[in-house]
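Structure record follows, encoded as structure tokens.
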Amino acid sequence: MSVNIEMEKKYFQQKIHDLEERNRLLEQHLRLLEEKNKKQQKELDLQKDHVKRLQESVGSWKRKAKEQPAQYNLYGKAMMEEVIIRICFK
């Protein structure tokens, strides 16, 4: 009977060890995912800032085009098309 108990004890010790190792690997994977998430969030924030600056630029051109339509009409259209292309394909 004691042999049986010893075998069960070893089995459960191995099971505990395996679970601890799996937990360690999962925690490591979680840390890597958190780091990746932080990097992606920083990149997203930079892209949002870039879009905001482009939108402000478009707004500025629209105001100038309303104030001086002849001067900014053709050039403004070209600039706005370029800005739209940058926003869409960046």
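Read-outs throughout are calculated quantities, based only on the coordinates presented, and are distinct from any laboratory measurement. If you're wondering where the values come from, they're calculated on a predicted model, not measured in any experiment. Because the Cβ atoms are built from the backbone with ideal geometry, glycine has one as well, and the counts that use them run over all protein chains shown.
Annotations for the structure displayed:
- Note on the chain: GNM, Cα springs under 10 Å; of Lys39, Lys64, Lys15, the largest mean-square fluctuation is that of Lys15.
- Most fluctuating residue given options Glu56, Glu21, Glu35, as computed from a GNM of the chain linking Cα atoms under 10 Å: Glu21
- Dividing the helix sum by the residues of the chain, where each DSSP H run of 4 or more adds -39500 (n - 2.57), gives a mean residue ellipticity at 222 nm of -36000 deg cm²/dmol.
- When +1 charges are put on Lys and Arg Cβ atoms and -1 charges on Asp and Glu Cβ atoms, the dipole computed for the chain relative to its Cα centre reaches about 640 debye.
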